[in-house]
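The structure under discussion appears below in the form of structure tokens.
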Amino acid sequence: MTHHERDERLHTKLAGIDMCTPVLAASGTFGFGEEFADFVDLARLGGVMVKGTTLHPRRGNDGVRIAETPQGMLNCIGLENPGVDVFLQEILPRIRPYGMNVIVNISGSSIEDYAAVAERLNVPDVAAIEINISCPNVKEGGIVFGTDPHAAEAVVRAVRSATQKPVVVKLSPNVTSITEMACAVEAAGADMISLINTLIGMSIDIQKKKPVLGNRTGGLSGPAVKPVAVRMVYEVARVVHVPVIGMGGITSWEDAVEFFLAGASAVAVGTANFTDPTVTMKICDGLLHYMEEHGISHIREIVGMAQTD
């Protein structure tokens, strides 16, 4: 089997982005990609969603930031990052030679912040922007952009007009209706939708009788959230016309297949990178094996196959 044939069966094009495979690395779990260069053929990934980037540098939250939970983990990193200017001047030139699609995950505490970051990232080596809308809107009294359809729509519109890049919107699962949010961001100009972001969780130390995390609550990720993610991807893929990137607890090729069947056109692997830095490559190989066994000539054939009327 030549490398070329291998690529063709998994080769995916979404919102104009050429992806060697439909397997991506999820934001916040893969640094800027370079940290995994010894373990992973970065160019074989569909893309690397780099660490959340903000307008100004952020030092993140104080206290304990990560806690293990059964079948998952909680994190409250607090968007610690060097800021968009350092990313553009120092990090981007350093990761350019790896030949991967760099998808920059952006966060803000106001609509203006998001637009300003998106505008600065309108440079050749950035493949797309992923908007993290699970952030509180400081100006609107802390309402989370991702839980209010009007706020979400406003952010997406602002980013959409600030950049020529494809815009991926990452949905928060902490909502009553995921389909309402998906339709709102699609209407506002999202080119792709990624889901799910983390669920809000908490862990309490029974000896100290206090919350474990410095921030009290944190984002729950890992295998524990997979059934929720599969359900939400399934629901969203039925109502939107843009491609969906599925994520949430994917640790194996079998998990990835579930997401494709639910309607995802690509998948992103997050927490599993911490336990096995080579997991994305194993998933690519496993998908090919599954396709051979089932007589599938291209991965797109199984997308949404589990959707029923």
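The set of residues in region 218-243 that are aliphatic (A, V, I, L, M) and either open to solvent by 30 Å² or more (accessible area, probe 1.4 Å) or out of contact with any Phe, Trp or Tyr (no Cβ under 9 Å at 6 or more places or on another chain) (or both) comprises L220, A224, V225, V228, M232, V236, A237, V239, V240, V242. Listed by first and then second residue, the pairs with beta-carbon distance under 6 Å, at least 6 apart or on different chains, first residue in region 23-44 and touching a residue at least 12 places away in the same chain (Cβ under 8 Å) and of a type in the set (G, A, S), second in a loop (DSSP other than H, G, I, E, B) and open to solvent by 50 Å² or more (accessible area, probe 1.4 Å), are A43/G99. Taken together, E153, E119 contain a single residue that is in a helix (DSSP H, G or I), open to solvent by 10 Å² or more (accessible area, probe 1.4 Å), out of contact with any Asp or Glu (no Cβ under 7 Å at 6 or more places or on another chain) and under 24 Å from G33 (Cβ atoms), which is E119.
The condition (being among the small types (G, A, S) and within 16 Å of the chain's Cα centre (by Cα)) is satisfied by just one residue among A25, A37, A67: A25. Only one of G28, G33 is closer than 20 Å to A128 by Cα, small (G, A, S) and open to solvent by less than 20 Å² (accessible area, probe 1.4 Å). Can you tell me which? G33 is the lone residue from the list that is closer than 20 Å to A128 by Cα, small (G, A, S) and open to solvent by less than 20 Å² (accessible area, probe 1.4 Å). Which pairs turn up if I take residues in region 136-147 that are closer than 16 Å to T54 by Cα and without any contact (Cβ under 8 Å) to a residue 40 or more places away in the chain and look for partners that are of a type in the set (A, V, I, L, M, F, W, C) and surrounded by fewer than 16 Cβ atoms within 10 Å (Cβ to Cβ) with beta carbon separation below 6 Å, at least 6 apart in sequence or on another chain? What qualifies is N137/I143. Criterion applied to I193, I133, I129 was being closer than 16 Å to A237 by Cα and open to solvent by less than 10 Å² (accessible area, probe 1.4 Å), and the one residue passing it is I193.
The values are calculated or read from the model by the stated rules, or taken from the named source; none is laboratory data. Being a predicted model, the structure only gives us computed values, none of them experimental. Cβ coordinates were reconstructed from backbone atoms using ideal geometry, including for glycine residues, and neighbour counts include every protein chain displayed. Ligands, DNA and RNA are stripped out before the accessible areas are found, and what is left, the full protein with its side chains, is counted by its heavy atoms. Shrake-Rupley method; radii C 1.70, N 1.55, O 1.52, S 1.80 Å.
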